[in-house]
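**Student:** Following this message is one structure expressed as structure tokens.
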Amino acid sequence: MRMYVLLIFAAIFLSISTAYYAISLQQKTLASKNDINDIEKFKKEFVKNKTALIEIDLSAMYPSSRYTQLLSPMNVFSRDTHSTKAYFSKPCLVVNEKMSQLNFEKSEIWESFRCNRIKNLANDFFDKLPLIHDSGLSYAYLAFLSGRSPFDTENWVRANLNLFHVYELEELPIKSLEGNFQVLSRLKKIDLESLINGSPTIITDDSFIVRNSMDINVTYKFFPKIDLENFFLGKYYFIKPYRVGEQCFYQDGRFCWEKSSGPFVQIFMQSSILLFSSSVIIIFLIIFILFKKIKLQKFEEERKKYALRVLTHELRTPISNLLLQVERINQQSDLVPSAILDDFLKMEGEVYRLKRLAEKSTSYLQTHDGPTLISFNYQSVSSINDLVLDMLDNYLNVGVLFFPAKMDQEFKLDVYWFNICVKNLVENALFHGKKPVRVELVLQQDILTLKVIDHGENNYKSLDEILLFDRIGKSSTGLGLG
């Protein structure tokens with residue numbers, strides 16, 4: 001039964017360990033320095049071997065430092081809000097004659113245009129600094145939002161695209177955009193910010209953008225993103241959109257580089273799942289077998305107890321008859337010849353021994369239900385030497401030598417079972433060994449050791465071989481040590 005319990009715990013441990021390692025293999029980890037170097041190396045290899053779909057030059061689109069503010073990060077009004085309408089509906093300031101004669105700043109000129117105090121703007125109005133209004137919008141975009149001619153026409157917008165803030169390009173009509181401005185208008189603000197800040201590589205929803213570091217101008221090459229993904233196939237790295245709160249192997253802007261498990265790991269993970277399922281099945285099989293085994297053992301125990309009850313019951317009748325015969329002979333002991341009186345007394349002792357054995361067996365079968373096979377009845381013995389000497393009384397004249405304990409003392413034991421053990425050992429030594437047989441008592445603190453030593457020969461190599469059930473001597477009358 002212990003073996004079955006051990007197998008159950010082993011299977012459970014195997015299942016938990018397999019599940020743990022399978023899950024740990026699936027868990028994401030952060031990229032090491034070597035992983036980052038590998039990704040960057042593959043990027044450079046891709047740029048070297050692929051042809052760009054388009055190349056844009058920010059230096060040409062915004063040719064001087066005066067355009068820098070059109071590339072700086074800023075907040076812009078959205079078409080989906082009413083903030084632009086609110087701006088144009090703000091109340092206008094009252095301008096007196098003296099103020100009108102002054103040289104207005106660009107913002108004041110624009111305010112006059114917004115309030116319809118002037119109808120037109122000078123041709124160089126939008127080229128003069130500043131290019132950005134206090135509201136955060138470019139003057140060109142404010143003019144487009146005014147809806148006045150010619151600022152709302154496609155031709156005017158197309159001719160002044162480099163006067164719009166780069167974030168405002170996505171708000172303009174698609175027909176008015178052309179060339180590189182149309183490419184920039186499709187980029188999200190976070191991608192534009194990375195572009196303006198000079199990031200060496202940028203990954204967007206449909207493009208892979210690489211800055212040309214060899215060029216003194218600020219130029220970027222655009223590659224189809226699908227080509228980059230195909231290039232990384234078989235290199236154990238792939239990209240996916242970054243989501244806030246999720247662990248990322250290596251974040252690259254709005255995307256995450258992830259490292260795929262190799263084929264060996266994938267096979268191991270699949271085999272781990274199979275092994276885990278098999279372990280669960282094995283556990284249930286072992287539990288089922290253990291249940292059947294326990295049930296069979298209980299059945300065998302009941303069967304043996306039943307056989308012992310029958311045997312004990314059958315023995316009681318002949319034992320009772322023998323006791324009656326012994327009592328009758330005892331009543332006429334004066335008629336028994338002295339030559340056979342000693343043999344009769346030995347026979348009387350054996351009959352009473354049978355009687356006690358039957359009584360013990362009956363008592364065990366009726367009342368004993370503890371965890372041990374035998375229920376002991378301990379009692380104190382004043383002298384252990386006298387007790388053993390009394391048990392050996394019939395054997396001292398047939399080759400048995402008794403060596404009592406040096407320090408005799410009181411001892412607590414079950415006299416009945418101790419007597420059976422002593423007599424069995426002595427009789428086996430006399431029958432199967434050679435005389436003389438030494439019986440020694442050794443007392444060490446509270447431990448009693450009984451040694452029965454004969455001078456016979458042992459033909460067996462190990463104790464296991466001796467205890468085999470079929471190792472019965474030819475002259476043996478018992479069932480063997482097994």
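The values are calculated or read from the model by the stated rules, or taken from the named source; none is laboratory data. None of these values were measured; they are calculated from a predicted model. Virtual Cβ from ideal backbone geometry, glycine too; neighbours counted across all protein chains shown.
**Student:** Name the pairs: first residue in region 320-340 and closer than 21 Å to residue 353 by Cα, second residue outside any helix (DSSP H, G or I) and modelled with pLDDT under 75, Cβ to Cβ under 7 Å, at least 6 apart or on different chains?
**Tutor:** Pairs that qualify, where the first residue is closer than 21 Å to residue 353 by Cα and the partner is outside any helix (DSSP H, G or I) and modelled with pLDDT under 75, are 329/336.
**Student:** Something else now. Spot the failing condition for residue 199; the list is (1) outside any helix (DSSP H, G or I); (2) at pLDDT 90 or above; (3) not aliphatic (A, V, I, L, M), and only one is missed.
**Tutor:** Just one mismatch for residue 199, condition (2).
**Student:** Quick one: residue 181 ticks every box in (1) part of a helix (DSSP H, G or I); (2) over 27 Å from residue 57 (Cα atoms); (3) at pLDDT 80 or above except a single one, so which number is it?
**Tutor:** Evaluating residue 181 over (1) part of a helix (DSSP H, G or I); (2) over 27 Å from residue 57 (Cα atoms); (3) at pLDDT 80 or above leaves (2) as the failure.
**Student:** Out of the residues in region 368-407 that are more than 26 Å from residue 437 (Cβ to Cβ) and of a type in the set (Phe, Trp, Tyr), which is modelled with the highest pLDDT?
**Tutor:** Checked region 368-407; the qualifying residue modelled with the highest pLDDT is 378.
**Student:** Mind checking which residues of region 40-94 are polar (S, T, N, Q) and modelled with pLDDT of 85 or more?
**Tutor:** 49, 51 - these are the residues of region 40-94 that are polar (S, T, N, Q) and modelled with pLDDT of 85 or more.
**Student:** Considering region 421-434 alone, what residues qualify as being buried (at least 16 other Cβ atoms within 10 Å of the Cβ) and under 17 Å from residue 390 (Cβ atoms)?
**Tutor:** Within region 421-434, 422, 425, 426 meet the criteria.
**Student:** Considering only residues of region 374-400 that are part of a strand (DSSP E or B) and in contact with a Leu (Cβ under 8 Å, 6 or more places away or on another chain), which is nearest to residue 417 (Cα to Cα)?
**Tutor:** Of everything passing the filter in region 374-400, 379 is nearest to residue 417 (Cα to Cα).
**Student:** Could we say that residue 351 is at pLDDT 70 or above, under 17 Å from residue 426 (Cα atoms), over 60 Å from the mean Cα position of the chain (by Cα) and assigned to a helix (DSSP H, G or I) here? Don't jump to the end; show me each part of the working.
**Tutor:** Working: at pLDDT 70 or above: yes; under 17 Å from residue 426 (Cα atoms): no; over 60 Å from the mean Cα position of the chain (by Cα): yes; assigned to a helix (DSSP H, G or I): yes.
Considered against the rule, which asks whether it is at pLDDT 70 or above, under 17 Å from residue 426 (Cα atoms), over 60 Å from the mean Cα position of the chain (by Cα) and assigned to a helix (DSSP H, G or I), residue 351 comes out as no.
**Student:** While we're here: Across region 227-251, what is the number of residues that are without any contact (Cβ under 8 Å) to a residue 60 or more places away in the chain and out of contact with any strand residue (DSSP E or B) (no Cβ under 9 Å at 6 or more places or on another chain)?
**Tutor:** Residues in region 227-251 being without any contact (Cβ under 8 Å) to a residue 60 or more places away in the chain and out of contact with any strand residue (DSSP E or B) (no Cβ under 9 Å at 6 or more places or on another chain): 5 in total.
**Student:** Then there is this: Just for region 202-241: of the residues that are among the small types (Gly, Ala, Ser) and surrounded by fewer than 17 Cβ atoms within 10 Å (Cβ to Cβ), which one is modelled with the lowest pLDDT?
**Tutor:** The extreme case among them is 213.
**Student:** Here's another thing I want to ask about it. In this structure, is residue 142 part of a helix (DSSP H, G or I), in contact with a Lys or Arg (Cβ under 9 Å, 6 or more places away or on another chain), at pLDDT 85 or above and not aromatic (Phe, Trp, Tyr)?
**Tutor:** Considered against the rule, which asks whether it is part of a helix (DSSP H, G or I), in contact with a Lys or Arg (Cβ under 9 Å, 6 or more places away or on another chain), at pLDDT 85 or above and not aromatic (Phe, Trp, Tyr), residue 142 comes out as yes.
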